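The values are calculated or read from the model by the stated rules, or taken from the named source; none is laboratory data. Fair warning: this is a prediction, and the values are worked out from it, not measured in the lab. A quick note on method: Cβ atoms are made from the backbone with ideal geometry, for glycine too, and the neighbour counts reach across all protein chains shown.
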Amino acid sequence: MDIDFKIQGLDEVVKRFKNMPEKLDAQMSKAMDASLKLLHGNVLPYPPQRENMVSKYVRTGTLGRTLGAQGAKPTIYSMSGSGGKMVGKFGTNLIYAKYVIGEEGAPSYPPGQAKMHKGWWWTIGMILERSRKKMDQLWKDFVDKALNKL
C-alpha cells in the first residue's frame, strides 16, 4: 500500500534553486562592482608639493592617474572568480607606488612607504579605510537580502 501526496509549489522552488548560482553570481558581481567604485571614489587628492624640499623631480600626476584620479581608470580594477571565491582588485601597477603609498607589510606593496613620504603622502590602506564602512554595509545588505530570499 502506498501513500501518494503532492506538495503544492515545489516545482517553483526547484526551478528557483536551479538558477540560484547564476543569480547569486550576478548579485555578487553587482556588490563587488559597487565596492570597487567606492574605492575608486575615495582616492585621495595629491598632497601639496613640499615647499622647502630641494629636488629636481617634476610631478607628473602619473600615480594619481593610475589610481583613477580625475576620472581616469585605475590600472588595477578587476573582478574574477565566482561564488565564495570572487575577488575584486583595485590599485596601481606603477613600479614606484609601493614607495609612495605602500603599507608596511602589505603583500602587494612591500616594503612600505619610503621614509621621505611618511606623514606627507597618504597610503593605499587609507583608501580602504575611507571606503570600509560603506563597503561593510553593502556586503551586509547583500548577505541579508540573499538569505531572506531563500
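Assorted remarks:
- Here is the figure for segment 65-75: residues that are surrounded by fewer than 17 Cβ atoms within 10 Å (Cβ to Cβ) and among the β-branched types (Val, Ile, Thr) total 1.
- Of all residues in segment 67-87, exactly one satisfies the criterion of being touching an Asp or Glu at 6+ places or on another chain (Cβ under 8 Å) and part of a strand (DSSP E or B), namely Met79.
Per-residue answers, yes or no, for (1) within 25 Å of Ala31 (Cβ to Cβ); (2) surrounded by 12 or more Cβ atoms within 10 Å (Cβ to Cβ); (3) in contact (Cβ under 8 Å) with a residue 24 or more places away in the chain:
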residue: Arg50; (1), (2), (3): no, no, yes
residue: Leu63; (1), (2), (3): no, yes, yes
residue: Val87; (1), (2), (3): yes, no, no
residue: Tyr99; (1), (2), (3): no, yes, no
residue: Glu103; (1), (2), (3): yes, yes, no
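- Looking only at residues of segment 1-25 that are modelled with pLDDT of 75 or more and either in contact with a strand residue (DSSP E or B) (Cβ under 9 Å, 6 or more places away or on another chain) or surrounded by 12 or more Cβ atoms within 10 Å (Cβ to Cβ) (or both), we find that the one that is nearest to Ile124 (Cα to Cα) is Asp25.
- Qualifying residue in segment 48-65 (condition: assigned to a loop (DSSP other than H, G, I, E, B) and either under 19 Å from Ser131 (Cα atoms) or touching a Ser or Thr at 6+ places or on another chain (Cβ under 6 Å) (or both)): no
- Matching residues, segment 83-122, being of a type in the set (Ser, Thr, Tyr), farther than 18 Å from Gln49 by Cβ and at pLDDT 85 or above: Thr92
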